[in-house]
1. Give segment 58-95 a look and list any residue that's open to solvent by less than 50 Å² (accessible area, probe 1.4 Å), within 21 Å of GLY26 (Cα to Cα) and among the aliphatic types (A, V, I, L, M), or say none.
2. Any residue in segment 90-105 that's closer than 14 Å to GLY8 by Cα and among the small types (Gly, Ala, Ser): show its pairings with residues that are in a loop (DSSP other than H, G, I, E, B) and at pLDDT below 95 at Cβ separation under 9 Å, as long as the two are six or more apart or on different chains.
3. Just the residues that are part of a strand (DSSP E or B) and either without any contact (Cβ under 8 Å) to a residue 12 or more places away in the chain or over 24 Å from GLN111 (Cβ atoms) (or both), please, taken from segment 45-57.
4. Identify, please: which residue in segment 1-57 is open to solvent by 40 Å² or more (accessible area, probe 1.4 Å) and acidic (Asp, Glu) and is, among those, nearest to MET82 (Cα to Cα)?
5. Across segment 23-43, what is the total count of residues that are in contact with a Lys or Arg (Cβ under 7 Å, 6 or more places away or on another chain) and of a type in the set (Val, Ile, Thr)?
6. All but one of (1) at pLDDT below 95; (2) in a loop (DSSP other than H, G, I, E, B) hold for GLY16; state the number of the condition that does not hold.
7. Within segment 69-115, track down each residue that is part of a loop (DSSP other than H, G, I, E, B), at pLDDT 95 or above, among the small types (Gly, Ala, Ser) and over 14 Å from the mean Cα position of the chain (by Cα).
8. Out of all the residues in segment 74-89, which are touching a residue at least 24 places away in the same chain (Cβ under 8 Å) and either of a type in the set (Lys, Arg) or farther than 16 Å from PRO41 by Cβ (or both)?
Amino acid sequence: QVQLVESGGGLVQAGGSLRLSCAVSGSTESILVMGWHRQAPGKQRDLVAFINSGGAPNYADSVKGRFTITRDNAKNTAYLQMNSLKPEDTAVYYCYCAGLRGVFGWGQGTQVTVSS
């Protein structure tokens, strides 16, 4: 069992930056992938980015070139640096962790609001 604690959301103007953090505790030895999804009001939850234990990142097309995901395996923490934010990035961001059998942990969610 794992616990994921997110931090770093908030309100920012378009073009600004925010950094999200996701710290995992508990049975972390099974974690292969960490990442974020986001969900805007009235929309489905979509994948934003993920990173494997070797540090290889993957991004949704909508955030490529603007977001950077990194991971500190020693601290069991992932980070999502979000630059050049747009109003359409407004959503609740949920971090997650996954192993061989799929996703097994979710964060509590953090609100990101980008004003125009």
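The values are calculated or read from the model by the stated rules, or taken from the named source; none is laboratory data. Given the structure is predicted, the values throughout are model-derived calculations rather than measurements. Don't worry about glycine lacking a Cβ; one is built from the backbone with ideal geometry, like all the others, and counts go over all protein chains shown. Keep in mind that these areas ignore ligands, DNA and RNA; they rest on the heavy atoms of the full protein, side chains included. Shrake-Rupley method; radii C 1.70, N 1.55, O 1.52, S 1.80 Å.
1. Result: ALA78, single match.
2. ALA91/PRO41
3. Passing the criteria: only ASN52.
4. ASP46
5. Total meeting the criteria: 0.
6. In the conditions (1) at pLDDT below 95; (2) in a loop (DSSP other than H, G, I, E, B), GLY16 misses (1) alone.
7. Once the filter is applied, which keeps residues that are part of a loop (DSSP other than H, G, I, E, B), at pLDDT 95 or above, among the small types (Gly, Ala, Ser) and over 14 Å from the mean Cα position of the chain (by Cα), segment 69-115 yields only SER84.
8. If the condition is that a residue be touching a residue at least 24 places away in the same chain (Cβ under 8 Å) and either of a type in the set (Lys, Arg) or farther than 16 Å from PRO41 by Cβ (or both), then LYS75, ASN76, THR77, ALA78, TYR79, LEU80, GLN81, MET82, ASN83, SER84, LEU85, LYS86 are the ones that fit.
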